[in-house]
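Novice: Sending over a structure as structure tokens; questions will come in a sec.
The values are calculated or read from the model by the stated rules, or taken from the named source; none is laboratory data. Note that the structure is a prediction, hence the values are computed from the model and not measured. All Cβ positions, glycine included, derive from the backbone under ideal geometry; neighbour counts span all protein chains shown. Heads up: the accessible areas ignore ligands, DNA and RNA and are worked out on the full protein's heavy atoms, side chains in. Shrake-Rupley method; radii C 1.70, N 1.55, O 1.52, S 1.80 Å.
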Amino acid sequence: MSGNTDMKLIKNGVRLDGRKPEELREIKMELGVLKRPQGSAYVEWGKNKVIAAVYGPRELHPKFMQNPTKAVVRYTYNMAPFSVDDRKRPGPDRRSVEISKISSEALTAVVETEDYPNTVIDVFVEVLQADAGTRCAALTCASLALADAGVPMKDMVVACAAGKINDHIVLDLGKEEDNFGQADVPVAITPLSKDIVLLQMDGKLTRDEYSKALNLAVDGAMQVYEMMKKTLIGSLNRKE
Ligand code: UDP
């Protein structure tokens with residue numbers, strides 16, 4: 001997010017990839033893509049490719065990490081070395097630890113953790129290809145994998161970002177827009193209760209712009225939720 005406004009990212013209402021300001025990238029979703037975990041999902045979001053796997057609830061070890069009143073939702077976000085232009089050094093870094101922490105908190109808000117004291121529900125997300133917006137794609141994919149695993153949840157979690165490029169508020173920033181735009185606001189909501197379970201901001205926005213970006217991101221997330229519902233219903237029909 002350099003805020004380098006010299007780069008033309010939007011011209012006559014058309015963005016570099018041909019999208020309109022309020023248009024999402026193309027999204028594809030698939031459930032049950034892995035045979036070993038209890039649940040799994042794969043999401044392509046523009047050029048992002050992410051896969052999520054869910055294990056548990058299972059007893060948490062070491063025992064001192066257990067919570068006697070509820071399950072711990074552990075989230076591990078990892079970027080493959082080949083997922084980005086400059087090879088990503090394998091292993092956790094400050095960014096992945098941060099994304100894992102906030103995503104775990106977002107999912108904890110919806111999982112019926114009280115039903116499973118002393119256990120852990122492990123969610124692993126691997127970013128196979130990154131093109132901006134991976135934390136939103138990853139969290140949405142994780143929510144689908146939890147549903148695929150049959151983990152009881154009050155609601156889903158669905159994420160989407162909005163931001164500012166060349167002084168325009170736009171939905172779902174792509175890589176150049178993320179690199180050279182002015183602001184990025186990733187948001188995750190629970191679509192039924194409409195709670196915000198994740199909200200971050202990189203860059204600068206006025207109050208009005210912030211409010212517009214937030215509303216746009218929530219609208220985008222609701223569109224993504226419609227796709228999630230179709231994917232879940234399709235998967236249920238196949239299982240029957
Ligand atoms: N990125 C990268 N190397 C890194 C981290 C990020 O090339 O170590 C790229 C990647 O394409 C990512 C984008 O920068 O999607 C934006 O990263 P950001 O930290 O804003 O998170 P994201 O938008 O993916 O949630």
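Novice: For Lys63 and Lys212, what does the FRET efficiency come to when R0 = 35 Å and r is the distance between their Cβ atoms, rounded to the nearest 0.05?
Specialist: Values: r = 48 Å, r/R0 = 1.38.
Efficiency, rounded to the nearest 0.05: 0.15.
Novice: Could you work out how much longer the chain between Asn179 and Lys194 gets when fully extended? Use 0.36 nm per residue separation minus the Cα distance between them, nm to one decimal.
Specialist: 2.4 nm
Novice: Next up: Mind listing the phi-derived Karplus ³J(HN,Hα) values for the stretch 14-31, rounded to whole Hz, using 6.51, -1.76 and 1.60 with θ = phi - 60°, and x for any glycine or proline?
Specialist: Result, rounded to whole Hz: 10, 8, 3, 8, x, 7, 7, x, 9, 10, 7, 6, 5, 10, 10, 9, 8, 10.
Novice: Moving to a separate point now. Around Met153, which amide H atoms from residues at least 5 apart in sequence, or from another chain, sit under 5 Å from its own amide H, with H modelled in the peptide plane?
Specialist: Excluding prolines and chain starts, which carry no amide H, the hits are Glu112.
Novice: So, one more: So what is the 222 nm mean residue ellipticity for the chain from helices alone, if each DSSP H run of at least 4 adds -39500 (n - 2.57) and you divide by all residues, rounding to the nearest 500 deg cm²/dmol? Mind showing how you got there, number by number?
Specialist: Numbers: 4 runs with 70 residues, N = 240.
The helix-only estimate for the chain comes to -10000 deg cm²/dmol at 222 nm.
Novice: In whole percent, what relative contact order does the chain give with Cα contacts below 8 Å and a gap of six or more residues? Intermediate values should be presented prior to the final figure.
Specialist: On the way: 557 pairs, mean separation 56.3, N = 240.
Relative contact order comes out at 23 percent.
Novice: Using modelled backbone amide H atoms (1.01 Å from N, in-plane), which distant-in-sequence or interchain residues come within less than 5 Å of Asp172's amide H?
Specialist: Ala161, Ala162, Gly163
Novice: Also, quick follow-up: So, R0 is 51 Å and r is the distance between the beta-carbons of Asp86 and Lys154; what FRET efficiency does that work out to, to 0.05?
Specialist: After rounding to 0.05, the efficiency reads 0.80.
Novice: Taking the highest mean first, how do the peptides 132-141, 19-28 order by number of other beta carbon atoms within 10 angstrom per residue? Intermediate values should be presented prior to the final figure.
Specialist: Details: 132-141: 28.0, 19-28: 15.4.
So the peptides 132-141, 19-28, ranked by packing, come out 132-141, 19-28.
Novice: What does DSSP give for the chain in terms of the percent of beta bridges that are antiparallel, rounded to the nearest 5?
Specialist: Here the share of antiparallel DSSP bridges comes out near 85 percent.
Novice: How many angstrom separate the Cα center of the stretch 85-147 from the Cα center of the stretch 149-193?
Specialist: 15
Novice: Only four residue types carry charge here, +1 at the Cβ of Lys and Arg and -1 at the Cβ of Asp and Glu. Report the dipole size of the chain about the Cα centre in Debye, rounded to the nearest 20. If you can, show how the numbers build up before the last one.
Specialist: On the way: 33 positive and 34 negative charges, 88 e Å.
Computed about the Cα centre, the dipole is about 420 debye.
Novice: Then there is this: If r is the Cβ-Cβ distance from Gln129 to Gln223 and R0 is 22 Å, what FRET efficiency results, to the nearest 0.05?
Specialist: Computed FRET efficiency for Gln129 and Gln223 comes out at 0.50.
Novice: Mind checking Rg over Rh on the chain, alpha carbons, Kirkwood formula for Rh?
Specialist: Details: Rg = 17.9 Å, Rh = 18.2 Å.
We get a ratio of 0.98 for the chain.
Novice: Under a 1.4 Å probe, what is the accessible area of the chain per residue, stated in Å²?
Specialist: Solvent-accessible surface per residue comes out at 50 Å².
Novice: HN-Hα J couplings of the stretch 194-205 from phi, Karplus 6.51/-1.76/1.60, θ = phi - 60°, integer Hz, Gly and Pro as x?
Specialist: 6, 7, 8, 10, 7, 8, 10, 8, 10, x, 10, 9
Novice: Ok, one more. Could you work out what % of the accessible surface of the stretch 109-199 is carbon and sulfur, using a 1.4 angstrom probe and leaving DNA, RNA and ligands out of the count?
Specialist: 47
Novice: Along the stretch 213-225, what does the Karplus equation 6.51 cos²θ - 1.76 cosθ + 1.60 (θ = phi - 60°) give for ³J(HN,Hα), rounded to whole Hz, x for Gly and Pro?
Specialist: 3J(HN,Hα) across the stretch 213-225, in whole Hz: 5, 4, 4, 5, 5, 5, 4, x, 4, 5, 5, 5, 4.
Novice: Taking the Cα-to-Cβ direction at Leu34 and at Asp6 and moving 7 Å from each Cα, how far apart do the two end points lie in nm?
Specialist: 4.4
Novice: So, one more: Name the long-range amide H neighbours of Met79: under 5 Å, sequence gap of 5 or more, or other chain; modelled H, no Pro or chain starts.
Specialist: Val127
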